[in-house]
Amino acid sequence: MFTSLRLYRRLHAVLAGATRNELRKKVEFLKAENEVLRSHLKGPIRTTPRERRRLVKLGSALGSALKEVLTIVNPATFARWVREGRRSTAVSSAQGQLRRRRGRPMTAERIRTLVIRMARESGLGYTRLLGELRKLGLRGISRTTVGDILRSAGIPPAPERRDRTWSEFLHSHVATLWACDFFATRIVTPRGIRLAFVMVFLHVGSRRLIVSPATLRPTRHWVAAQTNAWLDTIAAQGERIGPVLRDRDTKFGRSFDAALARAGAAALQLPIRSPNLNAHVERVIQTIRHECLDHFVVMGRRHMNHLLAEFTRHYNRERPHSSLDFRPPGGAPPPPMRAWPASDHIVHCTRLGGVLHHYERRAA
């Protein structure tokens, strides 16, 4: 490599005082000499970054004529050296600008990450986020800085205020929210086929089900009596009642709302023709029909009350629910996944003559 560099120095020295013809002859001789020397070297020639920079500086001035004298590497490699030199120069320039930059230092990356995470989790604006950061003991950051961090992450510093969705309302009240509705089923009575009415109460959070006795005459007095019985059951269990979803069925009436008011609760009357807003209780009524009542010819109110009582016990204690991690509404969490002891075995259990099914693990 050093021999080649000496040749390039000699070439550079003779270029200044030679005529065009002499230059051509000298270049041809130096090129031939360099090729002879190159042929006696084994393996590729390793160059240092400093040597490459010098060759690039001298060779770039030759333009396309460089191909006629270049022997140490092929033209593609030399072109790569040129690109790397330009890229290195650009990086050095950028680093120099950063070193020369004055003013407030950049915010620590851990704080930027925290601000972005808090904004995405809560939807708070930059003023509230600044308050949360100060509450956590993080100083040295301003409201403007928080806003800049949010903008750089594509998050609006001051999110638009909007009304909460129905799903968000249900989620925020799920611990105390109940839903209520009626459903009717045809039953056989001594006076023929009649409609029997039932009130269904469902706790939206736990999916716990309470079903009233059936009646053939759903008067407002009967509705008030069933509502008070349900409220007494909840009070005996020490639970608190929040909003109670109901539709605009005239059977509810003022007596239903008055009973709730005495218990410190309030009825949330839904808009007309909006069953989707009361979807939880609508779905449990469908389950009662498909899994229980559709399998029987209901012979009177006593028979219907027995069917509903058995189904309610099955639903609350035995039937797994997907939204509760597949545990019953009133049951304990499922045991951890493990290999069962040899003394345990799975038992098939039924209710209502085999209409309702569930499985239990029991010791042999």
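The values are calculated or read from the model by the stated rules, or taken from the named source; none is laboratory data. Since the structure is predicted, the reported quantities are computational estimates derived from the model, not experimental observations. Don't worry about glycine lacking a Cβ; one is built from the backbone with ideal geometry, like all the others, and counts go over all protein chains shown.
Things to note:
- Condition check for Val281: farther than 29 Å from Gly242 by Cβ and buried (at least 16 other Cβ atoms within 10 Å of the Cβ): no
- All positions within the stretch 183-206 that are part of a strand (DSSP E or B) and of a type in the set (S, T, N, Q): Thr185, Thr189
Condition check ((1) assigned to a helix (DSSP H, G or I); (2) surrounded by 16 or more Cβ atoms within 10 Å (Cβ to Cβ)) across all residues:
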position	(1), (2)
Ile210	no, yes
Arg217	no, no
Ala224	yes, yes
Leu231	yes, yes
Ile234	yes, yes
Gly238	no, no
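- The stretch 233-253 residues that are without any contact (Cβ under 8 Å) to a residue 60 or more places away in the chain and in the same structural domain as Asn278 (by TED's automatic domain parsing), paired with ones that are of a type outside the set (S, T, N, Q) and surrounded by fewer than 14 Cβ atoms within 10 Å (Cβ to Cβ) (beta carbon under 9 Å, 6 or more apart): Ile234/Arg240; Arg248/Pro271; Arg248/Ile272
- Check on Arg248, of a type in the set (D, E, K, R), within 29 Å of Ala225 (Cβ to Cβ), exposed (fewer than 13 other Cβ atoms within 10 Å of the Cβ) and at pLDDT 85 or above: yes
- Leu138 vs. criteria in a loop (DSSP other than H, G, I, E, B) and either at pLDDT below 70 or out of contact with any Cys (no Cβ under 7 Å at 6 or more places or on another chain) (or both): yes
- For Pro320: the one exception among (1) farther than 30 Å from Leu216 by Cβ; (2) modelled with pLDDT of 75 or more; (3) not assigned by TED's automatic domain parsing to the domain that holds Ala184: (3)
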